[in-house]
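Engineer: Before we start, here is the structure in question, set down as structure tokens.
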Amino acid sequence: MPLYFSAHTTACLTKQSLREVMLGLLAAQEVKVRSVVASQIAGRMLIEVEAANQPSLENFLRDHNLNWEWIMRIDLEGRDQSIIEY
């Protein structure tokens, strides 16, 4: 399944609100959220997610009331001294 990163602005969310959003994303069944990282100080969140295609990811983000700054499909990933191709 294709891998994507997406970037989001979370400027006004408290730490508790960020946790709730992150837990909701991690529990999702529509796509597989691999990881979510957020910085309350920077007001940003990054999501690493497996989705069938970009339109299905966009629908998922809309359903979770998340606007995105950008979405990037990942073609190559370097991990543990090897390259994975998607």
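Since every read-out is calculated from the coordinates, none of them should be taken as a lab result. Computed from a prediction, not measured in an experiment: that's the story for all the values here. With ideal geometry, Cβ positions are generated from the backbone for all residues, glycine too; neighbour counts draw on all protein chains shown.
Engineer: Per-residue HN-Hα couplings for the stretch 61-68, Karplus 6.51 cos²θ - 1.76 cosθ + 1.60 at θ = phi - 60°, whole Hz, x for Gly and Pro?
Structural biologist: Once θ is set to phi - 60°, the couplings for the stretch 61-68 become 5, 4, 4, 9, 6, 10, 8, 10 Hz.
Engineer: A further question follows. Taking a label point 7 Å from the Cα of ARG73 along the Cα→Cβ vector, which residues of the stretch 30-45 have an amide N closer than 19 Å to it?
Structural biologist: 31-34
Engineer: Which ³J(HN,Hα) values in Hz, rounded to whole numbers, follow from the phi angles of the stretch 37-49 under the Karplus curve 6.51 cos²θ - 1.76 cosθ + 1.60, where θ = phi - 60° and Gly and Pro get x?
Structural biologist: Coupling constants for the stretch 37-49: 10, 9, 10, 5, 5, 7, x, 9, 9, 10, 10, 10, 9 Hz.
Engineer: Then there's this: So I have [x] 13.1, 39; [y] 11.2, 36; [z] 12.4, 38, and one of them is Rg and Dmax of the Cα atoms in Å calculated from this model. Which one is it?
Structural biologist: Matching entry in [x] 13.1, 39; [y] 11.2, 36; [z] 12.4, 38: [x].
Engineer: Under the rule of -39500 (n - 2.57) per DSSP H run of 4 or more residues, summed and divided by the residues of the chain, what mean residue ellipticity at 222 nm is obtained, to the nearest 500 deg cm²/dmol?
Structural biologist: Here the helix-only value at 222 nm equals -7500 deg cm²/dmol.
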